[in-house]
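Down below is the structure, laid out as structure tokens.
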Amino acid sequence: MSKLIPAAALILLDHEQSSVLWAKRHEDIKFLGGFHAFPGGKIESEDADIQVAGQMGADLSTFLVGAVRETFEEIGILIVRGGEKLTKGQLRSLHDDLISKRSSFKEILDNWSLEINSDDFVYCGYWRTPNFSPVRFETHFFITKCPRKQKPYSAVGELIDVEFIRPKEALSKWNDAEVLVSPPVLLTLQTLSTESAKPLQIDSLGRVLIEEAQSKNGEIHFIQINSHVVVAPLRTKTLSPATHTNCFIVGGLEFIVIDAASREVAEQERLISFIDGMIAFGGRCKAILISHLHPDHHGGETVVKDHFKQRHGIDVPILAHPRTAQALESEVLFDGHLSGDEKLILKDWLGEEFSLEVIHSPGHAKGHLCFYDRGNGFLISCDNVINNGSVVIAPPEGNMGEYIRSLNHLRELPDLKSLCGSHGTGVFDARRKIDDYLFHRSKREREVQELWGEGLRTAEDIASKIYVGLEDRLMPLAIKTVGAHLEYLVEKGSI
């Protein structure tokens with residue numbers, strides 16, 4: 001499990017307390033790039049040197065300093081006592097001093113007699129990044145309102161499209177799959193949208209938010225990525241650095257489960273408990289699907305099926321592509337096949353029908369399936385495209401030519417917006433991510449072809465030149481991927 005990095009974020013209401021500030025994280029940011037978020041970031045060691053006035057405990061003061069500093073850095077809003085005397089030009093000058101490192105944040109506060117007072121903020125609890133992520137934060141949230149004379153802007157380019165938005169409008173954008181948001185942001189928006197008092201009451205909002213965070217001990221096990229899809233990262237024996245495989249629960253009143261992959265009892269019980277909750281609210285599971293044959297994508301489906309039969313008296317079919325079913329026939333009893341041109345008709349929680357298109361996308365595996373929700377422009381890419389790193393193409397099961405063709409097919413899906421693969425978080429700009437994958441494969445192909453031209457004739461020799469410094473345990477996978485490139489070059493007549 002990766003180490004937790006301390007961080008802080010600010011839920012900033014406009015001065016009338018009717019709207020909340022959010023912004024889109026620049027897509028080049030590795031962690032949640034393209035997601036809409038609140039201003040915030042990791043705690044710096046200097047944050048602990050700044051004294052905070054007010055009644056807040058010392059254990060939270062450093063997090064509050066970090067939230068205030070990050071908000072100033074990212075959107076130019078400085079929430080301090082004494083800040084009302086600063087002109088717009090002075091604020092911009094101080095921001096430039098901070099970003100250029102001519103002055104530290106402490107020096108700015110001291111030199112201008114500015115004070116962070118905790119009585120101006122309400123603490124909202126903390127949330128931890130799910131433990132499937134290679135980078136994990138424990139982020140402490142605070143809520144306050146924007147000073148009357150200050151206007152937010154994209155101050156350093158990390159946050160773009162900075163705006164105040166009414167919570168219900170923000171939720172509508174999320175519901176229509178126009179934006180991706182992290183679970184704490186979604187929870188906050190849902191809480192803000194149900195607040196009956198106008199203007200929004202900061203104290204009561206803070207109490208509700210901290211109670212929610214405390215009830216779950218800050219842990220996130222299920223990620224509502226959009227109105228149709230919940231992602232449940234399950235611990236599996238997968239390829240490092242990944243530790244989890246995403247199980248996708250798609251739908252509401254009628255839903256399916258894709259890759260109930262974990263063989264660990266605790267993970268299976270957690271997944272079943274969540275599904276039971278859906279059934280208690282009127283949901284009905286129509287099928288359990290396996291995306292492909294690799295062992296980190298199956299293992300819990302029969303347990304889930306048996307639970308449905310014993311607890312709810314229903315027989316839910318287990319389905320996969322015929323090639324996957326054939327490969328796993330000694331391990332899984334399949335009830336049917338998906339060839340890759342079906343449309344699964346499901347219902348959301350409002351009872352509205354939507355279709356999930358099944359796409360046969362070989363390359364990583366012969367029977368690999370992806371799933372496309374065209375109405376939301378959302379692709380469940382499974383192992384064809386993941387958030388971090390590249391995908392292993394290992395012959396004879398893997399085929400580079402088929403993989404490239406599958407990527408090109410996925411890229412051209414009508415109305416494609418975003419995606420989520422089997423490992424890691426969602427990706428806002430799906431086509432850009434697929435383009436990155438195609439560029440990477442093209443670059444690797446050129447390298448392999450050039451080394452072949454220099455007289456190297458084995459995948460082992462070529463891999464040793466390309467993957468210099470790669471960990472020994474990963475070299476066999478690199479050799480297989482080079483072998484896949486060699487096969488593709490032969491197929492094209494390029495070598």
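The values are calculated or read from the model by the stated rules, or taken from the named source; none is laboratory data. The shown structure was predicted, so the numbers you read here are calculated from the model rather than taken from an experiment. Cβ sites come from the backbone with ideal geometry, for glycine too, and all protein chains shown count toward neighbours. Note: areas computed on protein heavy atoms with side chains; ligands, DNA, RNA excluded. Shrake-Rupley method; radii C 1.70, N 1.55, O 1.52, S 1.80 Å.
Observations on the model:
- Ordered from highest to lowest accessible area with the whole protein assembly present and a 1.4 Å probe, LYS443, LYS309, LYS173, LYS3 read as LYS3, LYS309, LYS443, LYS173.
- Summed over all non-identical Cα pairs, the Kirkwood treatment of segment 1-62 gives a radius of 14.2 Å.
- Diffusion constant of the chain at 10 °C, which comes from Stokes-Einstein with the Kirkwood Cα-pair radius and 1.306 mPa s, µm²/s: 65
- Dipole of the chain, positive direction: furthest Cα of THR302, VAL265, ASN388, with charges on the beta-carbon: ASN388
- Here's the picture: charge each Lys and Arg Cβ at +1 and each Asp and Glu Cβ at -1 in the chain, and of SER19, LEU253, TRP349 the one pushed furthest to the positive end of that dipole is SER19.
- Only the Cβ atoms of Lys and Arg (+1) and of Asp and Glu (-1) were treated as charged; on that basis the dipole of the chain about its Cα centre amounts to roughly 360 debye.
- Checking every one of the GluC sites (Glu not before Pro) in segment 1-71 against DSSP loop status and a limit of 13 other Cβ atoms within 10 Å picks out GLU16.
- Rounded to the nearest 10 square angstrom, LYS492 shows an accessible area of 90 square angstrom against a 1.4 Å probe.
- Gyration tensor (alpha-carbon) shape descriptor, segment 54-122, a/c threshold 1.5: prolate
- Pair ARG207, ARG405: separation of 7 Å Cα→Cβ label points (nm): 6.3
- Shape of segment 209-294, Cα gyration tensor, a/c cut at 1.5: oblate
- Carbon plus sulfur fraction of accessible area for segment 59-190, probe 1.4 Å, in percent: 47
- Pairs exceeding a 30 Å alpha-carbon distance, out of LYS24/LYS145; LYS42/LYS433; LYS85/LYS173; LYS366/LYS492; LYS24/LYS237: LYS85/LYS173; LYS24/LYS237.
- Using θ = phi - 60° in the Karplus curve 6.51 cos²θ - 1.76 cosθ + 1.60, the 3J(HN,Hα) couplings for segment 422-438 round to 7, 9, x, 8, x, 10, 5, 9, 5, 5, 4, 5, 5, 4, 4, 5, 5 Hz; x is entered for Gly and Pro.
- Cα long-axis angle, helix 88-99 against the chain (0 to 90 degrees, to the nearest 10): 50
- Nonpolar atom fraction for segment 193-322, defined as the carbon and sulfur part of the 1.4 Å probe accessible area, stands at 54 percent.
- Comparing Cα centroids, segment 260-277 and segment 313-385 end up 19 angstrom apart.
- Rounded if a/c under 1.5, otherwise prolate or oblate - segment 166-225, Cα gyration tensor axes: oblate
- Exposure of MET475 as accessible area (Å², to 10), given a probe of 1.4 Å and all protein chains: 40
- Per atom type, segment 403-446 shows carbon and sulfur on 52% of its accessible surface, probed at 1.4 Å.
- Semi-axes of the equivalent ellipsoid for segment 437-489, Cα gyration tensor, largest first, Å: 16, 13, 10
- Considering only beta bridges that DSSP places wholly inside the chain, some 65 percent are antiparallel.
- Annotation for segment 449-495 versus segment 100-132: alpha-carbon center distance of 50 Å.
- Ranked by how many other beta carbons lie within 10 Å on average, peptides 188-196, 225-233 from highest: 225-233, 188-196
- Binning the C-alpha pair distances of segment 15-95 at 5 Å intervals from 0 yields a P(r) profile of 3, 13, 18, 21, 22, 16, 7, 1 %, listed from the shortest bin outward.
- Per residue, the chain exposes 44 Å² of accessible surface when a 1.4 Å probe is rolled over the protein heavy atoms with every protein chain present.
- Ellipticity estimate at 222 nm from DSSP helix runs (n ≥ 4, -39,500 (n - 2.57)) divided over the chain, nearest 500: -10500 deg cm²/dmol
- Diffusion coefficient, µm² s⁻¹, Stokes-Einstein with Kirkwood Rh over alpha-carbon pairs of segment 354-458 at 20 °C and 1.002 mPa s: 150
- Of GLN55, ALA7, GLY83, farthest towards positive along the dipole that unit charges on Lys, Arg, Asp, Glu beta carbons give segment 1-95: GLY83
- On Cα atoms only, tilt of 202-215 relative to the major axis of the chain in degrees: 40
- Working note: Karplus 6.51/-1.76/1.60 with θ = phi - 60° gives segment 158-165 the couplings 6, 10, 10, 6, 6, 7, 8, 9 Hz, where Gly and Pro are set to x.
- Per the Kirkwood formula applied to alpha carbons, segment 183-332 shows a radius of gyration over Rh ratio, Rg over Rh, of 1.06.
- Entry note, the chain: relative contact order of 11 percent, from Cα contacts under 8 Å with a spacing of 6+ residues.
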